[in-house]
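Report on one structure; see the data block that follows.
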Amino acid sequence: MKIIFCLNHFLPQQVAGTEIYTFSLMKELQKRHVECIALIPNYEKTINSTYWIDGIRVVQYAEPSILDRELFMGKRVPDGIKAFQEVLQAERPDIVHFQEVAGGNGLTLFHLKVAKEQGAKVVMTFHLAGYSCRTGDLMFKQQTLCDGIIDEHRCSLCFLHHKGYESISTPVAKVSAALFKVGLDTSSIPNRIGTSLSFHFLIKELRNNLLQIAAISDKVVSLTHWYYDILIKNGIDAQKLTVITQGLPLKDTSVVAKRPDKIVPLRLIFIGRITPLKGVHLLIEAFGEIDPLTVSLHIYGSTTDQQYEKQCKIASVSMPNVKWMGQLEQAQVIPTMQRYHALCLPSTFSEMSPLVIQEAFAAGIPVVASNIYGNAEQVKDGENGLLFAFNDAIALRERIMQLIQQPTLLEHLTAGILTPRSFGAVADEYQQLYFNLLSSAPSVQPLA
């Protein structure tokens, strides 16, 4: 069995959740004698290239496209589509497994269609909520959790708010709705006005793209049950869908408890990107009125938002119990976590399935997390962690105070932690999915 895994970037150039997930899956499948190849765009290059990483061959297909408005909006085919097709023709995979379809000069619906036309089975795994949410966070106007159902008018209001049109979102949405009703799409007008007045069309396109991905794919994989439910609500056939939950890409996922013996001061850790989406500002605000002798916070992570990081550091400068620790190497995440009592994860958007929660459980520590979809599916309030109201620093502070004032609570939450699922189990489920697809497939004719 030969499988080509398609994504926009790969290790070591980019080290993020999708890349680590795909790499871990490929390594596990290699142990099962499955031939695995990663296929990514060779951006701004007119030739293909190949490199190897830890026994995995990575093919970069020529993708010389210059990113412009038409390409960004999916109005034209990326220039590299022919090179992509030629790689598939040369490799003749049994399965082409897409990890993302992001548009622009990366992987698109056009690539999905080409893979299908080559006679291979096509699998799509959803890693992000952006396939059904234009803002990508599943938060209505960044205030409340959204039910995830794509609706032209409601999603346009939310998207306008997200793009900075808070004060005029309602009248602009009304104009957009009127233009939508008469079929006048202004998205081709190359300015913000043309785009904002076409939001109803953009939301309709979002739904159409989602349904096309499902229609082209032989199987669609969701990493979570909550996103599976949202996909069903948006009209995807349940026969096309399956859930393969997250696993921890480690050799040993046994729960170990080596946290500090002393419960006072309470030692909390944050690990993640320093961005507003991860809610570091909420943590700092929550710490503002807690006795610094009773609790400490160590913040690990890197940022692409220097201004935000600076603001957070300024806000914490008078807090001696808040320390900025810099970036942490992946291999040191779990050993470092073991020096703390609990992980804080104050996400301000609906992450799919944060791996850091599984890492905390592997370290034997509970999680204090915001009550959003991806967190709530893993953190059971009062069992293996605590949930607090989304985007609410006061509610977060109250949860931290609970841990300080109720010493037995920490013991109770720790006892409720279960052994994280291994990535070997994830690979077993994928391998079965692949076998099922191929066993039901007619014999593939040689490619022309």
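Observations on the structure shown:
- Filter result for Tyr430 (modelled with pLDDT of 95 or more and touching a helix residue (DSSP H, G or I) at 6+ places or on another chain (Cβ under 7 Å)): yes
- Single unsatisfied condition, Ser198 versus (1) within 21 Å of the chain's Cα centre (by Cα); (2) small (Gly, Ala, Ser); (3) under 19 Å from His153 (Cα atoms): (1)
- Some residue of region 168-180 being closer than 26 Å to Leu231 by Cβ, surrounded by fewer than 19 Cβ atoms within 10 Å (Cβ to Cβ) and at pLDDT below 95: yes
- Residues of region 114-132 satisfying the condition of being under 16 Å from Ile244 (Cβ atoms) and among the polar types (S, T, N, Q): Thr125
- Region 121-208 holds helices (runs of 4 or more DSSP H) entirely within its bounds, and those carrying 2 or more residues that are touching a helix residue (DSSP H, G or I) at 6+ places or on another chain (Cβ under 6 Å) map to 152-162, 169-181.
- Screening Ser132 with (1) out of contact with any strand residue (DSSP E or B) (no Cβ under 8 Å at 6 or more places or on another chain); (2) without any contact (Cβ under 8 Å) to a residue 60 or more places away in the chain; (3) crowded, with 22+ Cβ neighbours inside 10 Å; (4) not aliphatic (A, V, I, L, M) gives one miss only, at (2).
- The one condition from (1) farther than 24 Å from Leu410 by Cα; (2) surrounded by fewer than 22 Cβ atoms within 10 Å (Cβ to Cβ) that Phe349 does not meet is (2).
- Long-range neighbours under 8 Å by Cβ, at least six apart or interchain, first residue free of Cβ contacts under 8 Å to residues at least 12 places away in the same chain within region 302-316, second surrounded by 14 or more Cβ atoms within 10 Å (Cβ to Cβ): Lys313/Trp324
- Consider region 271-314 and keep the residues that are within 21 Å of Ala129 (Cβ to Cβ), in a loop (DSSP other than H, G, I, E, B) and not polar (S, T, N, Q). The one that is farthest from the chain's Cα centre (by Cα) is Asp305.
The values are calculated or read from the model by the stated rules, or taken from the named source; none is laboratory data. Remember, it's a predicted structure, so these values are computed and weren't measured experimentally. Positions of Cβ are backbone-derived with ideal geometry, glycine not excepted, and every protein chain shown enters the neighbour counts.
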